[in-house]
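Okay, structure first, notes after.
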Amino acid sequence: MNAEVPRLSRLAVIGLGLIGGSFAKGLREQAICKEVIGFDLDARSRTLAVELGVVDRCTDTLADACRGADVILLAVPILAMERLLAELATFDLGHAVLTDVGSAKGNVVRCAREVFGHMPPRFVPGHPIAGSEQSGVTAAESTLFRRHKVILTPVHDTDPSALSLVDSLWRALGADVEHMEVRHHDEVLAATSHLPHLLAFGLVDSLAKRNENLEIFRYAAGGFRDFTRIAGSDPVMWHDIFLANREAVLQTLDDFRADLDALRAAVDDGDGHTLLGVFTRARAAREHFSKILARRAYVDVMHSNDLIFLANPGGSLSGQLRVPGDKSISHRSIMLGSLAEGITEVEGFLEGEDALATIQAFRDMGVVIEGPSQGRVTVHGVGLHGLKRPPGPIYLGNSGTSMRLLSGLLAAQPFDTTLTGDASLTKRPMNRVAKPLREMGALIETAAEGRPPLVIRGGQKLSGIHYDMPMASAQVKSCLLLAGLYAAEATSVTEPAPTRDHTERMLQGFGYPVKVEGRTAMVEPGHSLRATHIEVPADISSSAFFMVAASIAPGSDITLEHVGVNPTRTGVIDILKLMGADIELTNLREVGGEPVADIRVRAAQLKGIDIPEDLVPLAIDEFPVLFVAAACAQGRTTLRGAEELRVKESDRIQVMADGLQTLGVNATPTPDGIIIEGGSLGGGEVWAHGDHRIAMSFSVAALRASAPIRIHDCANVATSFPNFLSLAERAGMRVAEEDNS
């Protein structure tokens, strides 16, 4: 029994069909209720409910079922609800909590107010989004609601204790419970459930009336059968639902009819571009939105909120390896390709959650993007002024790069936009881009302390500025340069230390002039972006995990192929070489304006160093795994000037210090860095705090650990390195998802 659920004396379930029966059976099996009473107008259902163990007993009258009940679940057809509520209004229900399972909540609330004279405070409207091909009490399953959504729609004066009780009962059945306003629920269900059923019924009926109907159904393919399967649903039930929720259904149907007319016009006009846009957006949106609702972002992770990596000690690395494409370049290829004139082809695109967030953002703004498929993406650019208002807030998952760079692009668009993301992203500081953008004339609203969501007001005229950045940040620099494409005058940015220059290089690759003098970059308005071909090199930040792994694991000798070695990104190589690493760059070449090389790394005895502050901005993302290198080195390693690490996906200084201390390493965090005494590593339990680079860094640490390391909260590795585990295993590391089966 779930300890959080109060034990009930009596549960009454009115209506012993699939939903009511499954609710009763599930709670009865968990012994949450001393007694489960059932009532149904059908005598046979009452008999079966007792025989099948769905309820303890049934009563012959509604009044007997409700007498003395703590909770009364109303599970009758939606148009029967009015009669049921009218009868309940004549009873003395005491302090019983009422709740229901109807799929149209506005109708239920209206009926309750009419018959009771007000909405009873202890009535909690609800809707489980679950079902089965079977119906009736014989189909009742105690596990029916497990991992299914249940939406509760409390009204203004709903008793909080009643709401809490109903919430806990559904959670005890394994449901994912959410609370929603009544009207919003009905609008959402009209679109996601009611409209598809209406279309399926209508399509099958329309085709069945044709003369050639036998031929149509004889040659129907799987897609037709899948779509029209729901036309086999109970006609009476759906007749009731459409009448009960007719206002929301009509609004959704009108919107869909307008979109259908636009599709018809595209077919009639031979407008392939419009068709391709609809089809690519639809294909991507289906995955995108389903994963948002499941509290995942863009690629699959396990059902468990705590994805655990188990890293076993020992191993060495050998062979040749190519890590996924550079995340920074992947982001920018989509952004600039979307704003270019013509079609941009991208190869080597990183298919991780963060980069996919950028693709979805531009699809939301009307850009046709094909792929990604095996790293290939085709972007049909709309020009600098061709973006369209997105249909709602742009959800960016965990991607701070997407949010900061998009802020610059969107500051001068003619429409309003809202940028939001997951729980981690909503804690990240955005004032660093909002402040200078406001100096340019942008109107940007943030949540408390400058955190997301960002609301960017459209229609603003931007002025060019010169901005001296208070701290080195490629994201801030890129944001302002992208905003500068739309400003009335030149925009220039001076950074206190060199940061990655992918934006400047790629703008030039798209034919947009960028003037770079020392640490100042400048753009002027009045130019355009021309479509191009982009080959994304392997990501040096992802390669860094294997550079450190091969350096610390005795006997290792590995070559990382086609790695981007942009001089603004090679701080990790410089730092490792200062520590004594054996690293050799070969086959140096230039691909699409970016320097590329193969990197050979062999095991070496590392030594502790004072990390030069001028290298800090050039290795800012690689420090978590460099801390592991320091823990395996002889002597002390000191880092200063890296306060930026405290506002990444996690506080990387504190989180790494905590984990290293757990493994027996003397690691002392400072406000802007860390001091690490090299030595031996033990095993233990560490937490990644949802930070992909922390999770992968401790996976590397196991190569020199004396016992296994269990790393909690690793699901976000998918944001930057979706195939990390498979490549790590191929290279010789002993890390895998923990088997929770």
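The values are calculated or read from the model by the stated rules, or taken from the named source; none is laboratory data. These numbers were taken from a predicted model, which means no experiment stands behind them. Note that we place each Cβ from the backbone using ideal geometry, even for glycine, and neighbour counts take in every protein chain shown. Each accessible area value is taken on the protein alone, full model and side chains, heavy atoms only, with ligands, DNA and RNA left out. Shrake-Rupley method; radii C 1.70, N 1.55, O 1.52, S 1.80 Å.
Within the stretch 502-531, being β-branched (Val, Ile, Thr), surrounded by fewer than 19 Cβ atoms within 10 Å (Cβ to Cβ) and part of a strand (DSSP E or B) holds for 516, 520.
Right, residue 154: over 37 Å from the mean Cα position of the chain (by Cα) and either assigned to a loop (DSSP other than H, G, I, E, B) or of a type in the set (S, T, N, Q) (or both) or not?
It is false that residue 154 is over 37 Å from the mean Cα position of the chain (by Cα) and either assigned to a loop (DSSP other than H, G, I, E, B) or of a type in the set (S, T, N, Q) (or both).
Residues of the stretch 428-450 that are within 31 Å of the chain's Cα centre (by Cα), part of a loop (DSSP other than H, G, I, E, B) and under 23 Å from residue 365 (Cα atoms): 430, 442, 446. For the stretch 33-63, the set of residues classified as at pLDDT below 95 and in a strand (DSSP E or B) consists of 33, 34, listed by residue number. With the requirement that a residue be touching a Leu at 6+ places or on another chain (Cβ under 8 Å), without any contact (Cβ under 8 Å) to a residue 24 or more places away in the chain and more than 27 Å from residue 719 (Cβ to Cβ), what does the stretch 637-682 give you? Within the stretch 637-682, just 664 meets the criteria. Of all residues in the stretch 494-515, count the ones that are farther than 23 Å from residue 327 by Cα and either among the β-branched types (Val, Ile, Thr) or touching a His at 6+ places or on another chain (Cβ under 8 Å) (or both). Of the residues in the stretch 494-515, 2 are farther than 23 Å from residue 327 by Cα and either among the β-branched types (Val, Ile, Thr) or touching a His at 6+ places or on another chain (Cβ under 8 Å) (or both).
Which residue is farthest from residue 621 (Cα to Cα), if the candidates are limited to the stretch 451-487 and must be touching a helix residue (DSSP H, G or I) at 6+ places or on another chain (Cβ under 9 Å) and part of a strand (DSSP E or B)?
Filtering the stretch 451-487 for residues that are touching a helix residue (DSSP H, G or I) at 6+ places or on another chain (Cβ under 9 Å) and part of a strand (DSSP E or B), the one farthest from residue 621 (Cα to Cα) comes out as 456.
Of all positions in the stretch 232-242, at least one carries a residue that is among the charged types (D, E, K, R), open to solvent by 40 Å² or more (accessible area, probe 1.4 Å) and modelled with pLDDT under 85.
Is there a residue being polar (S, T, N, Q) and closer than 25 Å to residue 656 by Cβ anywhere in the stretch 591-611? Yes: the stretch 591-611 contains one or more residues that are polar (S, T, N, Q) and closer than 25 Å to residue 656 by Cβ. Scanning the stretch 443-497 for residues that are of a type in the set (Asp, Glu) and out of contact with any strand residue (DSSP E or B) (no Cβ under 9 Å at 6 or more places or on another chain) yields 449, 489. Considering the stretch 532-573 alone, what residues qualify as being among the hydroxyl-bearing types (Ser, Thr, Tyr) and either without any contact (Cβ under 8 Å) to a residue 40 or more places away in the chain or open to solvent by 10 Å² or more (accessible area, probe 1.4 Å) (or both)? If the condition is that a residue be among the hydroxyl-bearing types (Ser, Thr, Tyr) and either without any contact (Cβ under 8 Å) to a residue 40 or more places away in the chain or open to solvent by 10 Å² or more (accessible area, probe 1.4 Å) (or both), then 532, 559, 568, 570 are the ones that fit.
Every residue, every condition in (1) under 30 Å from residue 464 (Cα atoms); (2) touching a Ser or Thr at 6+ places or on another chain (Cβ under 8 Å), yes or no:
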{"position": "516", "(1), (2)": "yes, no"}
{"position": "523", "(1), (2)": "yes, yes"}
{"position": "526", "(1), (2)": "yes, no"}
{"position": "531", "(1), (2)": "yes, yes"}
{"position": "538", "(1), (2)": "no, no"}
{"position": "544", "(1), (2)": "no, no"}
{"position": "553", "(1), (2)": "no, yes"}
{"position": "561", "(1), (2)": "no, no"}
{"position": "569", "(1), (2)": "yes, yes"}
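Candidates are the residues of the stretch 679-703 that are charged (D, E, K, R) and crowded, with 20+ Cβ neighbours inside 10 Å; the one that is nearest to residue 625 (Cα to Cα) is 693.
Just name the residue that is surrounded by the most Cβ atoms within 10 Å (Cβ to Cβ) out of those in the stretch 706-721 that are of a type in the set (Ser, Thr, Tyr) and either under 26 Å from residue 539 (Cα atoms) or in contact with a Cys (Cβ under 6 Å, 6 or more places away or on another chain) (or both).
Looking at the filtered set, the residue picked out is 719.
If the condition is being small (Gly, Ala, Ser), open to solvent by 50 Å² or more (accessible area, probe 1.4 Å) and at negative phi, then the stretch 68-126 contributes no residue at all. Across the stretch 663-678, the number of residues qualifying as open to solvent by 30 Å² or more (accessible area, probe 1.4 Å), over 20 Å from residue 549 (Cβ atoms) and touching a strand residue (DSSP E or B) at 6+ places or on another chain (Cβ under 9 Å) comes to 7. Going by the structure shown, is residue 626 crowded, with 22+ Cβ neighbours inside 10 Å, modelled with pLDDT of 95 or more, hydrophobic (A, V, I, L, M, F, W, C) and over 31 Å from the mean Cα position of the chain (by Cα)? In short, no. Out of curiosity, is residue 499 within 20 Å of residue 331 (Cα to Cα), among the polar types (S, T, N, Q) and surrounded by 21 or more Cβ atoms within 10 Å (Cβ to Cβ)? So residue 499 passes the test.
Can you tell me which residues in the stretch 368-387 are part of a strand (DSSP E or B) and either acidic (Asp, Glu) or out of contact with any Leu (no Cβ under 6 Å at 6 or more places or on another chain) (or both)?
Result: 369, 370, 371, 372, 373, 376, 377, 378, 379, 380, 381, 382.
Here residue 492 clears all of (1) without any contact (Cβ under 8 Å) to a residue 60 or more places away in the chain; (2) not in a strand (DSSP E or B) except the condition numbered (2).
If I ask for residues that are open to solvent by 20 Å² or more (accessible area, probe 1.4 Å) and more than 28 Å from the chain's Cα centre (by Cα), which ones from the stretch 133-146 would you list?
Scanning the stretch 133-146 gives 133, 134, 135, 136, 138, 141, 142.
If you go through the stretch 15-32 and pick out every residue that is of a type in the set (D, E, K, R) and either part of a loop (DSSP other than H, G, I, E, B) or surrounded by fewer than 24 Cβ atoms within 10 Å (Cβ to Cβ) (or both), you end up with 2. Filtered by the rule that a residue be in contact with a Leu (Cβ under 9 Å, 6 or more places away or on another chain) and over 18 Å from residue 29 (Cβ atoms), the stretch 46-66 gives 46, 62, 66.
Residue 576 passes every criterion in (1) open to solvent by less than 30 Å² (accessible area, probe 1.4 Å); (2) more than 23 Å from residue 315 (Cβ to Cβ); (3) hydrophobic (A, V, I, L, M, F, W, C) apart from (2). The set of residues in the stretch 640-654 being among the hydrophobic types (A, V, I, L, M, F, W, C) and either open to solvent by 10 Å² or more (accessible area, probe 1.4 Å) or closer than 17 Å to residue 580 by Cα (or both) consists of 647 alone. If you go through the stretch 168-182 and keep only what is hydrophobic (A, V, I, L, M, F, W, C), over 23 Å from the mean Cα position of the chain (by Cα) and within 15 Å of residue 73 (Cβ to Cβ), you end up with 169, 170, 172, 173. Taking first residues from the stretch 384-410 that are aliphatic (A, V, I, L, M) and partners that are part of a helix (DSSP H, G or I) and open to solvent by 10 Å² or more (accessible area, probe 1.4 Å), the Cβ contacts under 6 Å between residues at least 6 apart in sequence or on separate chains come to 394/364.
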